[in-house]
């Protein structure tokens, strides 16, 4: 099995990157998250990989992080989720967001991905919740404290997700919303 590819980036396109290593160009299907981490053409890169052998060919998938590769492996283990759909899921957000969506049972997050209906979204959550339970950060929990200020509560929620205080403040600077939940959702869109 090919565990990783290191070499010169010769192409970067939506959904794929080509890395030349030892004279061989490897075309890797990648998520939007991984593509953002792939450097410009002509620079060196290293991607972790997952090889899928099927009747129609050999397919190589690339990942910027081990967490993303593990999520991909877990997703393709769910009935009804193939590699293309798994990449589409991974393209929808950072691995931390996906882990939180699984942990909190956010089926709507998965239904937003083309090719995933209500049943498949629920199946993903049911089958993966226990597998990711130890790794997921706590679901967004907005605690009611002495203050009822939505920005303060949203900041606490972001801190609970593992963001540092400066990161939380930066994300909230451009966020708009009336409730802590709206502010957190807007802030997380800016984190992508």
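The values are calculated or read from the model by the stated rules, or taken from the named source; none is laboratory data. Predicted model only: the values in this text are computed from it and were never measured. Every residue, glycine as well, gets a Cβ built from its backbone with ideal geometry; the counts of neighbours run over all protein chains shown.
Only one entry of 155, 119, 143 meets the criterion of being at pLDDT below 85 and not in a loop (DSSP other than H, G, I, E, B), and that entry is 155.
For the stretch 21-38, how many residues are within 16 Å of residue 66 (Cα to Cα) and in contact with a strand residue (DSSP E or B) (Cβ under 7 Å, 6 or more places away or on another chain)?
Just the residues of the stretch 21-38 that are within 16 Å of residue 66 (Cα to Cα), to begin with: 28-38.
Among the residues that remain, those that are also in contact with a strand residue (DSSP E or B) (Cβ under 7 Å, 6 or more places away or on another chain) are: 28-30, 34-35, 38.
Result for the stretch 21-38: 6.
Taking the stretch 33-50 as the search range and keeping residues that are more than 16 Å from the chain's Cα centre (by Cα) and either without any contact (Cβ under 8 Å) to a residue 12 or more places away in the chain or outside any strand (DSSP E or B) (or both), which one is nearest to residue 89 (Cα to Cα)? So the residue we want is 39. The residues of the stretch 2-32 that are under 24 Å from the mean Cα position of the chain (by Cα) and part of a loop (DSSP other than H, G, I, E, B), listed by number, are 2, 3, 14, 15, 31.
I'm checking my understanding of the structure. Among residues of the stretch 1-14 that are touching a strand residue (DSSP E or B) at 6+ places or on another chain (Cβ under 7 Å) and surrounded by 15 or more Cβ atoms within 10 Å (Cβ to Cβ), which one is nearest to residue 65 (Cα to Cα)? Can you show your working first?
Kept after step one, since they are touching a strand residue (DSSP E or B) at 6+ places or on another chain (Cβ under 7 Å), are these residues of the stretch 1-14: 1-11.
Cutting the leftovers down to surrounded by 15 or more Cβ atoms within 10 Å (Cβ to Cβ) gives us 5, 7-9.
On the way: 5: 13, 7: 16, 8: 18, 9: 17 Å.
By that ranking, first place goes to 5.
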